[in-house]
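Written out below as structure tokens is the structure these notes cover.
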Amino acid sequence: MRIVSTGILARGEARTARAAATFPSITVLPDGEILAVYRIGPSKESEGARVEIRRSLDGNAWGEPEAPFADTFGGVRGSHQVIYLTALGGRRVLACACWVDREAFPGKPLFNPETEGCLPMHILVADSADGARTFSPWRRVALPDDVGPASLTNPVLRLADGRLAISIETNKTYEDRGPWRQRVVYVYSSDEGQTWSEPVTTCEDPAGRIFHWDQRAAVCSGRLVTFSWTYDKPANRYLNIRRHLDGVLHDTLPFADQPAHPAVLRGGELVLPWVDRYGTQSIRARHAAAADAPFPQDRELVIYSHDQAAASTGGTAEMLEDMGRWSFGLPYAGTLPSGDVMIVYYAGTPAALDIRYAILQVNP
């Protein structure tokens, strides 16, 4: 693999309402148009942030930002933690959002450091028939109370059998002081996202010790492949990334920390970026020949290197609070019409965070 171009997709502007750009992703429409989605606001965790879309035909030249998404839902003031787009065919696009209720606990941060609970969060979906220019009103994906505030860490998937699937991670409610039993659940749709099934648990440690955070998923050669940011809660340490195939643990990868959404190439190859925050202070990527194949070290590239030391942490609450201070991360990979791979991520300084990109030629 080699990097053929890099650039800044959205630039952070210090001390303005556009200081911090985070949570990037890309979606390629059937006609080859590339959509980049990201959140931008005065700070990394500001409730005043909004989600924008930019468009490109080659991944290097990008249009002006568009903001088609309503922040309110059901008459309640809120904000979007992240929005992902899924191409459904033609100009049809499905948006899936993690929406945060900002009225339930006014002025409070997203994460409660005393309880490890989260503000109320809901999964919303909306439809576009014009290539993500306009969207229908948001509608809520109904979930039982035991899911708690629902985290969204992946776009809606198109499974091999034609169904759509949403991967959701469970959280505790804001004032719940009980133990956190984290798990991953899926809901499924057979009518292009109009209705959704009851949740099905797909990943859980029955002992409650191991958390599978930020699970990133893709369909590769008909198989569902997921990568988990794996955390040992009692030991307060990250473990190596775990790979599941069709819901079954396949292996533990030879590197640790936060995985990204992988790029799936036409021949079934994978490119997986990840964040090595506490080791080399970098964003890296490796290549595998298939969904179940190894990620050899000689197929590794450094996408970004950071020059700040990572903060040490004393517990889960402190670690989650520290996430708001990190100034690089959240890579997301996708395959371009050319066959090259684009990786988008945020990086910069605490005062100004950009959305940056690198385009990789996988088999030069």
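Since every read-out is calculated from the coordinates, none of them should be taken as a lab result. Being a predicted model, the structure only gives us computed values, none of them experimental. Here Cβ is always computed from backbone atoms with ideal geometry, including for glycine, and neighbour counts include all displayed protein chains.
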Cα-based Rg and Dmax for the range 1-48, in Å, come out at 13.7, 39
Computed FRET value (nearest 0.05) for Ser5 with Thr349, which takes r as the C-beta separation and R₀ as 22 Å: 0.40
Residues Asp127, Asp31, Asp298, Asp340 in order from fewest to most other beta-carbon atoms within 10 Å are Asp298, Asp31, Asp127, Asp340
Taking R0 as 35 Å, what's the FRET efficiency between Thr280 and Arg77 from their Cβ-Cβ distance, rounded to 0.05? 0.30
At a Cα cut-off below 17 Å, give the lysines reachable from Lys172, other chains included and same-chain residues fewer than 8 away excluded. Lys108, Lys233
Where does each of Met121, Met342 land when they are ranked from fewest to most other beta-carbon atoms within 10 angstrom? Met121, Met342
Checking Ala285, Ala132, Ala160 against a Gaussian network model of the chain (alpha-carbon springs below 10 Å), the top fluctuating residue turns out to be Ala160
Using the Cα centre as the reference, give the magnitude of the dipole from point charges on the C-beta atoms of the chain (Lys, Arg: +1; Asp, Glu: -1; all else neutral), rounded to the nearest 20 debye. 400 debye
For the chain, the charge dipole (Cβ of Lys, Arg +1; Cβ of Asp, Glu -1; about the Cα centre) points to a positive end, and the Cα of Val225, Thr115, Ala235 closest to that extreme belongs to Val225
So for Tyr278, Tyr231, Tyr345, fewest C-beta neighbours within 10 Å to most, what's the order? Tyr278, Tyr231, Tyr345
Go through Gly329, Ser189, Asn154 and say which Cα lies farthest out towards the positive end of the charge dipole of the chain; charges sit on Cβ, +1 for Lys and Arg, -1 for Asp and Glu. Gly329
How much length, in nm to one decimal, is gained on full extension between Ala235 and Asp205, taken as 0.36 nm per residue of separation minus their Cα-Cα distance? 9.3 nm
Give me the net charge for the shell around Gly32: Cβ to Cβ below 12 angstrom, other residues only, Lys and Arg +1, Asp and Glu -1. -2
So, over other residues within a Cβ distance under 12 Å of Arg163, counting Lys, Arg +1 and Asp, Glu -1, the net charge is -2
Exactly which trypsin sites (Lys or Arg not before Pro) in the range 177-242 are in a DSSP loop and have at most 13 other Cβ atoms within 10 Å? Arg177, Arg209
Taking 2.2 N^0.38 Å as the expected size of a compact globular protein, what ratio does the Cα radius of gyration of the chain give against it, to two decimals? 0.91
Hydrodynamic radius of the range 132-263 per Kirkwood, over alpha carbon pairs, in Å: 15.8 Å
Sequence gap at least 6, Cα distance under 8 Å: using those rules, report the relative contact order of the range 2-361 to the nearest whole percent. 16 percent
